[in-house]
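Presented below is the structure to which this report refers.
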């Protein structure tokens, strides 16, 4: 077959789980997935691109059989347009308190789950739940998350925003005293006072216990799962902090009742840090959380699944005599011959880097966490670049042929990924560090500690802020500190900034070479 035929046949899937139509066939059940579906964790944490949404989608997909969830009703808390819902909250309520937001979140969760149970099942306990929901004033607005959210926010806004104020001032022997009355906008049709007051002081305990009784009577469990929380309030950091802290409070309270009714959250770990660092979060350790991490073997398994779904790829692998997963990757991607920077008899030596190591090292930031999204993006780019080259020269493949993707295309794919992630991830999420990061452009990739501090000072960072800026550059995955007081910029951002990997400033001649990839 021609190289272009094989490359065109590869169905690598999307780098973004939200738009991956083949995710069900390509999904790899990592440890965090098992912890979640076996109800061992309620909060899944991970960096951007680590696979949180993939797990969310598999749990929410009725066509994806998960035996441990056969008795669980899975309700996605909101769809991909969730941010619109939250804009409505911000517009109608303004800047509420954390306690007010916790009330909104709790009411939303109970309304969504409660009326779902009432509409799906029919037992005496379910009828009792219906009475409790009506008494609590939780609106029956269908099962669309956006309509439920809007109804609750509108109701809450009426209770928190008076339309009229009456005041009476009296003068006594001491301080003046003020008496007042607030007038609130009425609903149409006019609600009963009991319902409004019940919602304002929602009896969570009564509603949750009624829900648990109803679920036990049906032999079912119910989970509400939240994803994309890192995108919901990204334009308003202060509101994000309040809203997510309030959600976690509501989540913690509801999860304490038992296994029948749970909320499950998927959240970026850096967002959790922003939410909890300033004010702390009592009992955070009580939340059953797990952080996503990938091993080399899991990543290899994911990539092989995406390759062998192609019949032409299987044919190519057969001709190559491939017998293991590592061989599958080497049959498609090249082993990279890269200069190490070390000198032998006056000449730079070279080292051969296998495809999997090259993918991991070039697509990971300074935290060295394996990032599946970046890996997939890099392979997809390499294929696109190679297909463009096939318009000029499209060689036949045979049993002894080189991999269809050549080294030049593989390296260029890394360069493209670097430029893209520099802007859409590093700068987009850490814009306050952009000027500092740009000061490294076209320079070396590594620095001794003293030299780096001097560089930051010369770039305009006050001496009193240098240590905090260094910590921020490490936290965002830009810089890595080794045990020898040597700072190294992540390979992921090297081409995007035009860095020279062969020199390290201020670390002595013995450290002038780029550290060997591992």
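This table checks each residue for (1) modelled with pLDDT under 90; (2) assigned to a helix (DSSP H, G or I); (3) assigned by TED's automatic domain parsing to the domain that holds residue 307.
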position: 14; (1), (2), (3): yes, no, no
position: 21; (1), (2), (3): yes, no, no
position: 24; (1), (2), (3): yes, yes, no
position: 35; (1), (2), (3): no, yes, no
position: 40; (1), (2), (3): no, no, no
position: 44; (1), (2), (3): no, no, no
position: 49; (1), (2), (3): yes, no, no
position: 65; (1), (2), (3): yes, no, no
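Number of residues in the range 274-296 that are out of contact with any helix residue (DSSP H, G or I) (no Cβ under 8 Å at 6 or more places or on another chain) and either at pLDDT 90 or above or assigned to a strand (DSSP E or B) (or both): the value is 2. Anything in the range 411-454 that is buried (at least 18 other Cβ atoms within 10 Å of the Cβ) and in a loop (DSSP other than H, G, I, E, B)? List them, or say none. Hits for the range 411-454 are 430, 440.
The combined condition, being within 18 Å of the chain's Cα centre (by Cα) and surrounded by fewer than 19 Cβ atoms within 10 Å (Cβ to Cβ), is fulfilled by residue 35. Within the range 19-32, the set of residues being surrounded by 21 or more Cβ atoms within 10 Å (Cβ to Cβ) and either closer than 12 Å to residue 264 by Cα or touching a helix residue (DSSP H, G or I) at 6+ places or on another chain (Cβ under 6 Å) (or both) comprises 27, 30. Inclusion of residue 132 among residues that are modelled with pLDDT of 75 or more and assigned to a helix (DSSP H, G or I) is warranted. Does at least one position in the range 475-484 carry a residue that is buried (at least 18 other Cβ atoms within 10 Å of the Cβ), in contact with a helix residue (DSSP H, G or I) (Cβ under 7 Å, 6 or more places away or on another chain), over 26 Å from residue 413 (Cα atoms) and touching a residue at least 12 places away in the same chain (Cβ under 8 Å)? Among the residues of the range 475-484, not one is buried (at least 18 other Cβ atoms within 10 Å of the Cβ), in contact with a helix residue (DSSP H, G or I) (Cβ under 7 Å, 6 or more places away or on another chain), over 26 Å from residue 413 (Cα atoms) and touching a residue at least 12 places away in the same chain (Cβ under 8 Å), which makes the answer no.
Scanning the range 418-436 for residues that are touching a residue at least 12 places away in the same chain (Cβ under 8 Å) and touching a helix residue (DSSP H, G or I) at 6+ places or on another chain (Cβ under 7 Å) yields 418, 419, 421, 422, 426, 433, 436.
Could you please find all residues in the range 290-308 being under 16 Å from residue 383 (Cα atoms) and in contact (Cβ under 8 Å) with a residue 40 or more places away in the chain? Selection gives 303, 306, 307.
When you check residue 380 against the structure, is it crowded, with 20+ Cβ neighbours inside 10 Å and under 21 Å from residue 49 (Cβ atoms), yes or no?
So residue 380 does not fit the description; no.
Here residue 86 meets the list (1) surrounded by 14 or more Cβ atoms within 10 Å (Cβ to Cβ); (2) at pLDDT 70 or above; (3) over 17 Å from the mean Cα position of the chain (by Cα) almost entirely, failing just condition (2). Screening residue 322 against (1) in a loop (DSSP other than H, G, I, E, B); (2) touching a residue at least 60 places away in the same chain (Cβ under 8 Å); (3) in contact with a helix residue (DSSP H, G or I) (Cβ under 6 Å, 6 or more places away or on another chain) leaves a single unmet condition, (2).
The values are calculated or read from the model by the stated rules, or taken from the named source; none is laboratory data. What you see is a predicted model, and the numbers here were worked out from it, not measured in a lab. Because the Cβ atoms are built from the backbone with ideal geometry, glycine has one as well, and the counts that use them run over all protein chains shown.
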